[in-house]
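The structure appears right after this line, and notes come after that.
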Amino acid sequence: MARATIFAPASAAGKAGVAVVRVSGPQAGRMLERLAGRLPAPRMATRALLRDPGDGQAIDDALVLWFPGPASFTGEDVAEFHIHGSRATLAGLLEALGAFEGARLAGPGEFARRAFEAGKLDLSQVEGLADLVAAETQGQARQALRQLGGALGAAVEDLRTRVMRLRALAEAEIDFPDEGDVADGLAARIAEPLDGLVEEIGVLLAGAARGERLRAGFSVAILGAPNAGKSSLLNRLAGREAAIVSQTAGTTRDVIEVHLDLGGWPVTLWDTAGLRDVGPGGDPHGAIEEEGMRRARRQAAAADLRLVVVDACAPELAGELAAYAREGLVVFNKCDLARAGEGLRVSALTGEGIGALESELAARAALSLGGADLSAPTVTRVRHRAALDEARGALVRAAAARGPELVAEELRVAAHALGRVVGRTGVEDVLDLLFAEFCIGK
Ligand SMILES: Nc1nc2c(ncn2[C@@H]2O[C@H](COP(=O)(O)OP(=O)(O)OP(=O)(O)O)[C@@H](O)[C@H]2O)c(=O)[nH]1
Ligand SMILES: [Mg+2]
């Protein structure tokens with residue numbers, strides 16, 4: 001059975017100046033020709049009046065593009081329709097496309113999956129593409145673009161080729177073992193290249209924490225006593241009323257998350273429930289407050305930075321908040337009412353000092369996320385890190401192994417692990433998860 005021809009809007013839903021519909025598969029050329037009246041020259045934007053082949057009704061005055069395979073995004077024949085972005089024109093075109101036999105609407109990520117299957121993108125590039133589409137800041141976009149360009153894939157592929165070469169040496173020793181002191185000869189010959197490989201993987205792994213963090217963003221947990229103004233501060237930084245603010249102590253219970261772009265760095269803020277100590281004989285915490293505080297502590301532990309908000313009218317810190325303050329960043333809020341404390345003074349109410357706080361957060365995010373060699377390939381996902389870790393372990397064992405069989409086996413494990421990063425081996429389970437991250441039309 002012939003492979004289905006898939007089509008889908010590649011632009012976001014809703015009214016827009018232009019909507020783009022992409023078609024990929026064996027029927028793409030015929031569909032374009034039937035709708036536009038002729039097949040345009042390859043890769044040339046061409047104006048065409050689109051008509052529904054069923055009833056001859058005009059659909060839109062549009063731009064069409066024709067990318068014959070294999071020189072296309074998916075490697076298949078691809079057609080693109082750039083139409084006026086109204087719901088009506090889009091619906092008309094999708095209906096006309098759906099009427100072709102063997103054509104159907106694409107699922108999420110199906111175009112990218114076909115590109116992967118045709119060898120147009122390796123798996124790390126597909127991940128780069130997913131991250132690029134989801135990027136919220138320029139820093140994230142730059143990193144994703146580098147990965148889409150194949151930097152990580154090329155570096156790992158190079159490592160894998162070198163491992164395979166060593167493995168061929170080991171296999172040769174197994175097959176022709178009669179030349180002198182076999183085991184020692186092999187060990188001596190592969191010792192140096194193995195050291196080099198282990199070291200290079202180490203360099204990639206050293207950049208991994210930063211790459212993963214840039215992808216996830218720099219996280220800040222806002223902590224403090226009840227009523228200190230944590231939620232007010234969150235709202236002020238977010239520029240909207242994300243969290244409920246009230247003069248009742250104990251307003252916030254759940255963790256509220258907002259995403260900010262501070263100086264190009266992705267920062268995630270978590271507003272949390274107020275933390276308070278209850279001495280012996282003090283009023284006990286209710287079950288809900290207890291749960292809120294548990295969540296606040298969990299978030300504090302998970303965050304890259306703990307921002308402790310102190311009410312300048314009651315500037316004493318005790319217990320766990322004092323501990324968080326010693327290692328985190330302290331701000332004195334309500335400085336419109338009182339001027340206690342040294343360091344950052346802000347007022348969530350008037351906005352005073354907020355610019356300075358934003359600069360401080362951006363500087364800390366930059367310190368944590370930036371500074372990496374931006375031209376070097378970056379490991380951006382836990383999946384990459386796990387595979388590289390496994391490869392490194394196997395290479396270290398290969399260096400220590402006695403006998404060509406053991407060496408060959410460890411090298412096989414290393415090559416297999418490296419192959420997983422670029423999607424050559426053992427990634428079937430990853431594929432479904434990954435392509436589901438995409439929207440339809442990608
Ligand atoms: N004058 C003044 N009042 C503020 C400021 N920030 C917050 N408030 C007030 O302080 C009260 C508590 O503010 P919230 O933001 O709800 O405090 P919170 O720390 O989130 O409190 P919980 O969620 O209960 O732990 C509200 O009445 C706010 O209007 C400020 O900078 N100046
Ligand atoms: Mg609150």
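Quick notes on this one:
- A count restricted to segment 200-256 and to residues that are closer than 30 Å to Ala141 by Cβ, within 16 Å of ligand 2 (Cβ to nearest atom) and of a type outside the set (Val, Ile, Thr) stands at 11.
- The residues listed here are Ala36, Ala41, Ala28, Ala12; of these, the one that is more than 31 Å from the chain's Cα centre (by Cα) and within 21 Å of Arg113 (Cβ to Cβ) is Ala28.
- Number of the condition not met by Arg276 [criteria: (1) within 13 Å of ligand 2 (Cβ to nearest atom); (2) over 17 Å from Asn333 (Cβ atoms)]: (2)
- Residues within segment 297-330 that are within 10 Å of ligand 1 (Cβ to nearest atom) and either in contact with a helix residue (DSSP H, G or I) (Cβ under 9 Å, 6 or more places away or on another chain) or of a type in the set (A, V, I, L, M, F, W, C) (or both), tallied: 3
- Of the helices (runs of 4 or more DSSP H) that lie entirely inside segment 199-302, those containing 2 or more residues that are among the basic types (Lys, Arg) and open to solvent by 20 Å² or more (accessible area, probe 1.4 Å) span 208-216, 287-302.
- Residues in segment 121-156 that are of a type in the set (D, E, K, R) and in a loop (DSSP other than H, G, I, E, B): Asp122, Glu136.
- Scanning segment 155-172 for residues that are among the small types (Gly, Ala, Ser), closer than 19 Å to His416 by Cβ and open to solvent by 40 Å² or more (accessible area, probe 1.4 Å) yields a single hit, Ala168.
- Test: residue in segment 384-391 that is more than 17 Å from Thr161 (Cα to Cα), within 16 Å of the chain's Cα centre (by Cα) and at pLDDT below 85: no
- Ala112 being open to solvent by 50 Å² or more (accessible area, probe 1.4 Å) and either in the same structural domain as Val23 (by TED's automatic domain parsing) or of a type in the set (Gly, Ala, Ser) (or both): no
- Just one residue in the set Leu262, Leu234 is within 16 Å of ligand 1 (Cβ to nearest atom), under 22 Å from Gln299 (Cβ atoms) and in contact (Cβ under 8 Å) with a residue 24 or more places away in the chain; that residue is Leu234.
- Listed by first and then second residue, the pairs linking a residue in segment 141-166 that is modelled with pLDDT of 90 or more to a residue that is among the hydroxyl-bearing types (Ser, Thr, Tyr), with Cβ atoms under 9 Å apart and 6 or more places separating them unless they lie on different chains, are Val156/Ser124.
- Residue within segment 319-332 that is among the hydrophobic types (A, V, I, L, M, F, W, C), over 16 Å from Leu269 (Cβ atoms), assigned to a loop (DSSP other than H, G, I, E, B) and in the same structural domain as Arg253 (by TED's automatic domain parsing) present: no
- Residues satisfying the stated conditions in segment 34-62, i.e. closer than 20 Å to Ser86 by Cα and open to solvent by 70 Å² or more (accessible area, probe 1.4 Å): Arg47, Leu49, Arg51, Gln57
- Condition check for Arg339: without any contact (Cβ under 8 Å) to a residue 60 or more places away in the chain, surrounded by fewer than 18 Cβ atoms within 10 Å (Cβ to Cβ) and closer than 20 Å to Ile256 by Cα: no
The values are calculated or read from the model by the stated rules, or taken from the named source; none is laboratory data. Just so it is clear, the structure is predicted and the values come from calculations on it, not from any experiment. For neighbour counting, all protein chains shown are included, and Cβ atoms are generated from backbone atoms with ideal geometry for every residue, glycine included. Areas reflect the complete protein model, heavy atoms only, side chains present, ligands, DNA and RNA absent. Shrake-Rupley method; radii C 1.70, N 1.55, O 1.52, S 1.80 Å.
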